[in-house]
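A.B. asks: Before we start, here is the structure in question, set down as structure tokens.
Each value in this text was obtained by applying a stated rule to the coordinates, not by laboratory testing. Bear in mind the structure is a predicted one, so any value in this text is a computation, not a measurement. When we count neighbours, we look across all protein chains shown, and the Cβ atoms used for this are built from the backbone with ideal geometry, even at glycine.
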Amino acid sequence: MLKKKIRMIARIVFGILLLGAGLTGLLGSMPPMQYPEPANKFMIALVDTGYMIVIISSLKVLVGVSMLINRFVPLALVVFMSISVNMVLFHAFLDIKSILPTLVIGFLNVYLLFGYIESYKPLLKAKN
């Protein structure tokens, strides 16, 4: 019972974080971040593609909404995992000073993946 409540709280917090970050990215209402030079070059390249930030922000919104309305949660967690990993790696290699918020998002994603492990068991079976 306590595990379910903790998982629900983690899901809602994760959803709020992603929805807020995604909407901020889509609406362009966040002031430009100041990164160290290599990280700044990488972010400029992502912005210059014309689509990466839109896709990432849109996925944040979709996954955030999924978490908040508790629909398709296992699927949304898998979809967002690659983004979580890349966020952590970006900060680990290019901007370690501001890694904490990303670690929170990464931790919540992994925690919730394991919380929904029963949903993934059929996918993890080897074929005979």
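A.B. asks: Under a crude label model (7 Å from the Cα following the beta-carbon direction), how far is LEU124 from VAL104 in nanometres?
C.D. replies: 2.8 nm
A.B. asks: Right, another one. Tell me the angle of helix 73-94 to the major Cα principal axis of the chain, expressed in degrees between 0 and 90 and rounded to the nearest ten.
C.D. replies: Helix 73-94 sits at roughly 40 degrees to that axis.
A.B. asks: Follow-up question, since we're still on this one. Suppose R0 equals 35 Å. What FRET efficiency, 1/(1 + (r/R0)^6) with r the Cβ-Cβ distance, do MET33 and ILE12 give to the nearest 0.05? Don't jump to the answer; show the numbers that get you there.
C.D. replies: Details: r = 26 Å, r/R0 = 0.74.
After rounding, the FRET efficiency stands at 0.85.
A.B. asks: Per the Debye formula with a single identical scatterer at each Cα and no solvent contribution, what log10 I(q)/I(0) holds for the chain at q = 0.23 Å⁻¹?
C.D. replies: One equal scatterer on each Cα of the chain leads to -1.43.
A.B. asks: Quick one: net charge around MET87, please, counting Lys, Arg +1 and Asp, Glu -1 for every other residue with C-beta under 13 Å from its C-beta. Numbers along the way, then the final one.
C.D. replies: Numbers: positive: LYS60; negative: ASP95.
In short, 0.
A.B. asks: Same structure, new question: Treating cross-link reach as a plain straight distance, find the aspartates and glutamates whose alpha-carbon is under 19 Å from the alpha-carbon of LYS4, omitting any fewer than eight places away in the same chain.
C.D. replies: GLU118
A.B. asks: For the Cα atoms of the chain, what angle does the longest principal axis make with the long axis of helix 100-115, in degrees from 0 to 90, nearest 10?
C.D. replies: 20 degrees
A.B. asks: Just want the answer: with Cβ charges of +1 for Lys and Arg and -1 for Asp and Glu, which residue in MET33, LEU62, MET8 is farthest toward the dipole's positive end in the range 2-124?
C.D. replies: Going by the Cα projections, it comes out as MET8.
A.B. asks: What full-extension length gain, to one decimal in nm, is calculated for MET1 and TYR111 as 0.36 nm per residue of separation minus the Cα-Cα distance?
C.D. replies: Numbers: separation 110, 0.36 × 110 = 39.60 nm, distance 1.66 nm.
Length gained between MET1 and TYR111: 37.9 nm.
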